[in-house]
1. Which whole-percent values make up P(r) of the range 508-588 when all C-alpha to C-alpha distances are grouped in 10 Å steps starting at zero?
2. Could you work out the relative contact order of the chain? I mean the mean sequence separation of Cα pairs under 8 Å and 6+ apart, divided by the number of residues, in percent.
3. For the peptides 126-132, 306-312, 425-431, what is the packing order when you average, over each peptide's residues, the other Cβ atoms within 10 Å and list the highest mean first?
4. Counting just the Cα atoms, what span does the range 411-542 cover along each of its three principal axes? Round to the nearest Å and put the largest first.
5. Can you list which of the trypsin sites (Lys or Arg not before Pro) found in the range 126-227 are DSSP loop residues with at most 12 other C-beta atoms within 10 Å?
6. Share of the chain's accessible area from carbon and sulfur, percent, 1.4 Å?
7. With the alpha-carbon atoms as the only input, what is the per residue convex hull volume for the range 126-242 in Å³?
8. Once the principal axes of the Cα atoms of the chain are found, what is the range along each, listed largest first in whole angstroms?
Amino acid sequence: MIDSHRRARTVATALVGLTAALAVLGATAALAASGTASSRASVTARPGRGGFGATVTPIKHVIVIIGENHTFDNVFATYRPPDHQRVLNLLSERIVTASGVPGPAAGKAAQQTATDTTTYQVRPATTGLYGTLPQPNTTYVSKGCDGQPENQPDTRFPANLRNAPYQITKYVPYFDDHGQYGDTCTFDGAFVGDPIHRFYQMYQQVDGGKQKLWTWVHETAGDSNGAPPPSPFGPESTDQGAVDMGFYNMAQGDAPTLRFLASHYSMSDNYHQGVMGGTGANHIMLGTGDAAFYQDGNGNPTAPPAGEVENPNPQPGTNNFYTQDGYGQTGTTNGGSYSNCSDRSAPGVSGVFAYLRTLSYRTFHNGDCASGHYYLLNNYNPGYNVDGSLNTSTFTVPPQHSLRTIGDELSARHISWGYFGEGYDNGQPGPNYCGICDPMQYASSIMTNPAQRARIQHGVGDFDAAVSTGTLPAVSFLKPGDDDGHPAYSTLAAFEGFVQHAISEVQDNAQLWSNTAIFVTFDEGGGYYDSGYVQPISFFGDGTRVPMIVVSPYAKPGYVSHTYTDHASLLKFIERNWRLRPLSARSLDNLPNPRSRRGNPYVPLDRPAIGDMFDYFNFSHATATAARLPLSRVKITTARRPEYVPNLLR
């Protein structure tokens with residue numbers, strides 16, 4: 001549970017609508033779809049042209065756009081691919097129908113209750129099926145977006161939902177304009193509660209691949225920073241309910257931009273978050289193929305404050321209410337987010353390895369846990385501020401002195417790159433800048449070098465300018481602000497607007513478009529149910545499937561890749577394209593490309609293995625035209641100033 005006063009947010013733009021008609025976006029419309037006005041108004045530090053290096057493919061520019069907190073089934077539950085392609089989703093598995101109601105195989109996703117009263121277990125003993133799902137909770141949605149107080153059962157949803165995935169937009173319109181609540185909300189779209197999405201909770205939710213304990217974990221495993229559970233304890237005491245089982249229905253018109261991109265370019269139905277857990281750890285994995293750890297000023301591993309160490313063992317007298325886990329309690333050092341996974345007897349660690357020992361293969365480096373290292377599993381602030389000064393706030397990862405990033409490898413080969421974060425505002429980050437989302441901001445090798453920071457740190461307005469002038473670096477990481485799609489403070493429709501703007505900008509520059517690959521993904525599943533296979537690769541993950549779409553003139557139109565991939569696959573693509581080395585002996589980009597059976601392409605035969613994403617492309621010639629996205633109408637609301645979005649809650 002999280003104090004409600006830390007959950008309030010407002011934002012500065014409103015997504016008013018998205019039509020289905022195809023249209024060519026003019027410069028004015030593209031700029032209007034860009035997000036907050038403040039994050040784009042001033043552009044001073046433009047990226048230099050830099051070096052592009054020799055590539056093994058026609059791709060000279062890679063752009064990675066990272067949204068927040070949606071599983072594959074949450075977004076693509078009812079997607080139907082074109083041209084006889086097949087996809088593994090709730091519709092194809094007959095768990096739901098195209099109309100959004102439970103299908104004949106809905107029992108595959110039926111949620112169970114369980115018991116875990118002594119020591120944390122990944123697969124606790126089940127005790128039966130839910131009769132009906134508990135009513136979803138509002139969590140910390142602003143009253144201006146749903147008309148209700150925070151942290152209560154969401155009255156827009158029935159209290160007797162069937163025990164199966166349910167269509168969110170049967171109860172909350174995808175393009176809800178919130179006019180019935182006084183129109184004080186920030187973006188248009190379906191504002192719904194935020195499912196719990198932390199490391200040890202996710203392991204239990206996935207349940208060793210059975211996917212049967214999502215709702216039970218949400219109801220029981222409170223992230224209370226060590227505080228005792230509420231008394232009396234009931235189904236809504238963790239402020240969750242069954243928010244986890246909701247999905248959007250593309251077959252009924254939801255998520256039209258992502259559906260359009262998937263059908264015209266390439267996508268995956270087997271791409272995964274790299275870490276069980278939240279935003280911070282997954283962005284670090286995306287940029288390094290590795291995990292950050294607690295260390296002293298010389299880079300030596302040392303123990304963090306006791307309250308920052310995870311202990312998911314149940315508190316005495318409870319069923320699965322964790323002893324020490326959370327985003328951090330103000331005024332204390334309580335907020336468990338580290339584990340020393342080299343200690344196989346440590347709380348939580350013992351349960352994870354008890355599960356990993358049941359596998360038919362050995363995980364990477366037998367778990368990839370260095371001796372005496374307390375690794376970050378969830379969200380803590382990076383050790384540096386954007387100006388290179390030390391971040392001295394309580395829940396902060398110490399500067400990482402030996403964590404090699406993809407930026408380090410690119411710089412060593414004189415290949416240009418940059419991180420473009422909405423809200424950066426020329427080095428004066430605004431309230432919607434995501435500090436934990438830049439994997440390079442954790443690394444001493446980058447943040448102690450002023451010249452390097454000046455070359456690679458930029459805002460979204462700088463991205464627009466670089467695209468327009470043809471000065472975009474070879475590799476760009478593009479991160480939205482509050483329009484990142486995160487449940488409770490954002491909407492999936494808002495993220496679609498951000499994506500549409502970025503892609504349209506690139507397509508408007510014909511020369512740039514001709515040699516660019518844009519990867520659109522999400523950092524993690526956000527605690528939403530997903531039915532797909534999850535490959536245990538190391539102690540840290542993998543986690544659930546998340547959407548991945550590749551937009552490029554060389555993308556195979558309508559193609560659905562079934563090859564097993566995760567965030568480190570993006571590193572493998574960049575490294576193969578530019579002939580780079582794996583980042584370290586520990587990083588997951590060392591893993592081989594998977595081999596699989598034709599009858600089951602989802603599960604690698606040579607586990608652990610992850611692909612390099614080259615199968616998404618036809619590099620012999622450009623086959624995908626610059627298909628224009630459906631037109632967005634965006635209203636800039638300058639009277640509404642964004643409030644601070646606590647990074648640790650992402």
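The values are calculated or read from the model by the stated rules, or taken from the named source; none is laboratory data. Note that the structure is a prediction, hence the values are computed from the model and not measured. Here Cβ is always computed from backbone atoms with ideal geometry, including for glycine, and neighbour counts include all displayed protein chains. Side chains are part of the model used for accessible areas, which takes the heavy atoms of the whole protein and leaves out ligands, DNA and RNA. Shrake-Rupley method; radii C 1.70, N 1.55, O 1.52, S 1.80 Å.
1. 14, 41, 33, 12, 1
2. 27
3. 306-312, 425-431, 126-132
4. Sorted from largest, the Cα extents of the range 411-542 read 43, 36, 32 Å.
5. Taking the range 126-227 and a limit of 12 other Cβ atoms within 10 Å, the loop trypsin sites (Lys or Arg not before Pro) found are 210.
6. 52
7. Values: hull volume 15.1 nm³, N = 117.
Spelled out: Cα convex hull of the range 126-242, divided by residues, is 129 Å³.
8. Extents along the principal axes: 64, 56, 54 Å.
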